[in-house]
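Working notes, structure below.
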Amino acid sequence: MKSSDSEDQAELTTFGTYKPIMSLNKKSFKEMQRFFVLKIIADNPEGITAYQLSTEYFINRSTVKLMLDDFEESGYVDINAEIVDGRANKFYTLTPEGFDYLLKLKYKWFERFNMMEELTLRNLTNAEKDLYIDKIKNYETKDEQLDYLRSMQSRHKQNMRIYEKKYNTFVRMDEVLSEIIEKLEKEAELDEEELEDFFNLVIDFNHDPKDEPPSS
């Protein structure tokens, strides 16, 4: 997407008592779709076809074609043609320019998803507080009230565990990065083994099955 951040800011719409850092329109959702497709391509360094993108990830075929054509024109993907089972197939891989664009979208959407996390988990308005209290008061029996409060407590405990692990992991990442930077400042070459250890921390953190979102 070629629109600038300033254009997005100019199109902000009010969401309740909040002003999102994204415009709630087709353009924003199209950009999110582009982010996910680029992420899929990046996760398939051997290449992936338009057919695989469409069938395995449930993306409309015409949408995939238009997106890949645009990525090719922008220099974000390379195409390798191969014959598979007697048929010519185009395998798409990410270019360095495509990776830079993916990182740009990744950081941008991190802020946006963080906003959604703020809205869903942490920010509570007085109006919502009153709705919660009314909901609990309107249960007919004490047992129903207890069931609801216990389920709420369970969700909060799970959130606490997730945030604690996130915090500890980010602290460790910062420590490792500081060590890498300090060594690189003193030495001529980058320690690739330590750099790999840092990114392995990120991978292990992102693939921890315990970090599933709380059930509603």
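The numbers here are math on the coordinates, done by the rules we state, and not lab data. What you see is a predicted model, and the numbers here were worked out from it, not measured in a lab. Note that we place each Cβ from the backbone using ideal geometry, even for glycine, and neighbour counts take in every protein chain shown.
Things worth noting here:
- Positive contributions from Lys and Arg (+1) and negative ones from Asp and Glu (-1), summed over other residues with Cβ under 15 Å from the Cβ of residue 84, come out at -1.
- Pairs spanning more than 28 Å between alpha-carbon atoms, out of 39/65; 26/65; 104/166; 104/186; 26/106; 142/166: 104/186; 142/166.
- Residue 195 paired with residue 70, simple spin-label distance in nm, labels 7 Å along Cα-to-beta-carbon: 3.2
- Couplings for the range 134-139, taken from phi via the Karplus curve 6.51 cos²θ - 1.76 cosθ + 1.60 with θ = phi - 60°, read 4, 4, 5, 5, 7, 5 Hz in order; Gly and Pro are left as x.
- Derived scalar couplings ³J(HN,Hα) [the range 32-43; Karplus, 6.51 cos²θ - 1.76 cosθ + 1.60; whole Hz; x for Gly, Pro]: 4, 5, 4, 4, 5, 5, 4, 5, 5, 4, 4, 7
- For peptides 32-40, 106-114, 183-191, sequence by mean Cβ density within 10 Å, most packed first: 32-40, 106-114, 183-191
- Computed from point charges on the beta carbon alone (+1 for Lys and Arg, -1 for Asp and Glu), the dipole magnitude for the range 124-211 about its Cα centre is near 1120 Debye.
- Spin-label pair residue 52/residue 93, simplified geometry with 7 Å Cα→Cβ offset, distance in nm: 1.2
- What the Cβ-Cβ distance of residue 129 and residue 173 gives, at R0 = 35 Å and to the nearest 0.05, is a FRET efficiency of 0.50.
- The calculated FRET efficiency for the pair residue 185 and residue 146, based on their C-beta separation and a Förster distance of 45 Å, comes to about 0.20.
- Near residue 172: Cβ cut-off under 12 Å, other residues only, Lys/Arg at +1 and Asp/Glu at -1. The net charge is -3.
- Shape class of the range 109-171 from the alpha-carbon gyration tensor: oblate, with a/c at 1.5 or above and b/c at least as large as a/b.
- Prolate/oblate/rounded label for the range 124-211 (Cα gyration tensor, a/c 1.5): prolate
- Amide H contacts for residue 95 (H built 1.01 Å from N in the peptide plane; partners 5 or more residues away or on another chain; cut-off under 5 Å): 77, 78.
- Environment charge of residue 72, counting only residues whose C-beta is closer than 14 Å and scoring Lys/Arg +1, Asp/Glu -1: -2
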